[in-house]
1. Using a simple charge model, +1 on the beta-carbon of Lys and Arg, -1 on the beta-carbon of Asp and Glu, nothing else, what dipole does chain A show about its Cα centre, in debye to the nearest 20?
2. Between A:ALA42, A:ALA97, A:ALA16, find the one with the highest GNM mean-square fluctuation for chain A; connect C-alpha pairs within less than 10 Å.
3. Placing unit charges on C-beta atoms (Lys and Arg positive, Asp and Glu negative, everything else neutral), compute the dipole magnitude of region A:28-84 about its Cα centre in debye, rounded to 20.
4. Could you identify which residue out of B:TRP155, B:TRP39, B:TRP133 has the top mean-square fluctuation in a GNM of chain B using Cα springs shorter than 10 Å?
5. Rounding to the nearest 20 debye, state how big the charge dipole of chain B is about its Cα centre with +1 on each Lys and Arg Cβ and -1 on each Asp and Glu Cβ.
6. What does a probe at A:HIS135 reach in region B:265-285, counting residues whose amide N is under 15 Å from the point 7 Å along Cα→Cβ?
7. Looking at region B:135-235, which trypsin sites (Lys or Arg not before Pro) are DSSP coil and have at most 15 other C-beta atoms within 10 Å of their C-beta?
8. For chain B, set up a GNM with springs between Cα atoms under 10 Å and report which of B:LEU251, B:LEU170, B:LEU20 has the largest fluctuation.
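Just so you know, all these numbers are worked out from the coordinates, no wet-lab data involved. The model shown is predicted, which means the values in this text are computed figures rather than measured ones. Methodologically, a virtual Cβ is constructed for each residue, glycine included, from the backbone with ideal geometry; neighbour enumeration extends over all protein chains shown.
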Amino acid sequence: MRSDTAAKFSKPQRGASWGLKAATWAGVLFLHIPLALIILYAFSSEDKSYVFPPPGLTTQWFAVALERQDVWDAMKLSFQVALWATGIAVVLGTLAAGALARTQFFGRDAVNLLLILPIALPGVITGIALRSSYHAMEIPFSFWTIVIGHATFCVVVVYNNAVARLRRISPALIEASMDLGANAFQTFRYVLLPQLGSALLAGGLLAFALSFDEVIVTTFTAGQQTTLPIWMLQELIRPRQRPVTNVVAVIMIALTFIPIVAAYWLTRADEDSQNR
Amino acid sequence: MSSLTLPPPRNSLADRLSTLLYTRRGLLLALLLAPPLLWFGVIYLGSLFSLLANSFFRLDDFTGQVVREIGFSNFVEIFTPTNLDVALRSTVMAILVTVACVVIGFPIAYYMARYARGPQKALLYVAVMLPLWSSYLVRLYAWKLLLAKEGAISWVMQSLHLQWLLDALLSMPVVGGSSLSFSPMGTFIVFVYMWLPFMILPIMASIERIPGSYLEASADLGASPAQTFRQVIFPLAMPGIAAGSIFTFSLTLGDYIIPQVIGNSTLYIGQVVYRQQGVAGNLPFAAAFSLVPIVIIGVYLWLAKRKGAFDAL
């Protein structure tokens with residue numbers, strides 16, 4: 001009898017109301033219908049307008065888009081910028097995480113704020129600030145002016161992932177390694193780095209996706225260079241060949257989804273192993 | 001791990017350096033912090049100060065060159081009716097977008113936190129995360145397709161014989177326009193869509209932290225579900241709402257691409273900054289005007305901090 005009542009009270013959750021379920025799934029639909037629509041439009045045989053529903057379906061625009069040198073150039077530039085920005089962000093983010101994970105020191109909160117600021121402030125401010133200092137220093141716009149801007153706001157993503165992992169690694173592991181005669185560099189290489197690996201990979205993938213998609217800071221820090229988002233923005237403001245834009249949009253969805261889903265699984269697998 | 005063998009101890013340079021770092025923790029900390037601090041201190045803070053310095057300069061009307069004299073003319077110009085209008089419109093838009101994100105996001109967050117379990121919860125989490133991280137421009141482009149005169153929303157309205165409703169909405173003053181993609185209403189919808197995930201996730205996190213026993217206690221004390229919601233759940237979810245609102249508010253205030261692509265010619269703060277800098281070449285005024293959202297966000301953060309937003313981030 002007692003166990004019966006206990007069982008009844010330990011289950012406080014009744015099912016969700018019909019209205020709540022409807023509101024939830026309507027919200028999820030709202031978030032995903034636009035993305036589904038983009039994919040549909042890429043196969044539309046109509047090339048002049050946004051008419052819905054598409055009068056017919058075709059794959060010909062993929063072939064047309066792949067022929068376009070400007071699309072390839074933009075994609076190549078975006079890849080290179082994202083690779084460099086991610087590389088710099090992984091190094092700086094890991095160092096910052098190493099410094100801030102377990103220590104308390106004067107100015108710690110200020111450093112933390114400094115890392116978050118580039119994405120907390122509106123992109124237009126980060127962008128115009130960088131532009132005004134390039135201007136003041138008389139640095140001409142180049143590949144590197146874009147990379148510097150991107151790396152600055154990518155650091156925080158790597159930092160967040162690395163700091164969360166570092167806090168979960170037991171300090172006993174490091175002490176054990178040192179007791180067994182490894183020096184600090186060996187401990188880092190053989191003990192810390194393998195533990196950090198998947199967190200850095202997840203952070204790096206997110207940083208890559210963030211850089212690959214960034215448009216606001218890029219418009220301020222690029223000269224004549226066209227990254228894929230800049231190409232896309234030009235098409236949005238002055239549409240030229242809509243079917244090509246549709247196809248590029250689908251490619252961009254694919255190129256950002258892959259690292260995001262991969263990063264999700266990497267961090268989730270880590271949490272699962274912690275719960276076990 | 002068992003196959004791992006370490007080289008025998010040597011008194012190498014690496015060893016000695018290692019001992020030095022181990023015994024002097026301050027040095028290790030300094031070495032770790034130096035590269036990120038140099039990067040952020042020099043490049044980022046340097047840029048922000050350069051921006052601030054620029055806001056005190058002015059543009060010579062005849063030569064179009066920046067005059068490097070300290071003055072406050074830019075700040076005076078911010079208070080002209082046109083510019084105040086832009087600042088006010090952006091702030092109102094940011095508040096409306098934030099409220100709409102709470103209204104749409106709260107049920108989703110509540111369902112995710114209290115009812116969804118196992119695979120369903122993972123599915124919902126990914127469903128909210130994917131739009132958050134996926135390409136901003138692609139999602140904007142999708143809305144251009146949806147909102148266009150011949151686009152999907154028009155088609156749905158026509159199929160449901162509700163064209164008159166859409167026309168009535170579009171003929172309204174201030175918010176209406178020639179089509180959804182050329183009206184402030186369209187701008188509003190797209191803002192809400194873009195930032196909604198930023199609202200859902202922190203609310204979800206704060207509801208998950210409410211112990212189930214609170215709800216039982218509330219029911220035991222005779223509260224109806226509606227009363228429990230109003231007096232227990234909602235106040236405890238407030239830090240999450242405040243945290244989410246920081247994103248929705250500040251992102252709306254600074255964005256210049258959404259109103260440029262979707263909307264009529266009404267200007268928002270970000271657009272004024274962008275145009276002054278780019279088209280007009282007036283970097284000093286753009287710099288001064290970019291301080292407007294910083295000040296508004298500063299005030300907002302101060303208010304949000306009092307609501308406990310930073311505990312929920």
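1. Details: 20 positive and 16 negative charges, 180 e Å.
Dipole about the Cα centre, nearest 20: 860 debye.
2. Fluctuation is largest for A:ALA16.
3. Numbers: 3 positive and 5 negative charges, 22 e Å.
That gives a dipole near 100 debye.
4. B:TRP39
5. Working: 19 positive and 13 negative charges, 180 e Å.
It works out to roughly 860 debye.
6. B:272-285, by backbone N distance to the label point.
7. Values: sites: B:ARG139, B:LYS144, B:LYS149, B:ARG209, B:ARG230; in loops: B:LYS149, B:ARG209.
Answer by residue number: B:LYS149, B:ARG209.
8. Top of the fluctuation ranking is B:LEU20.
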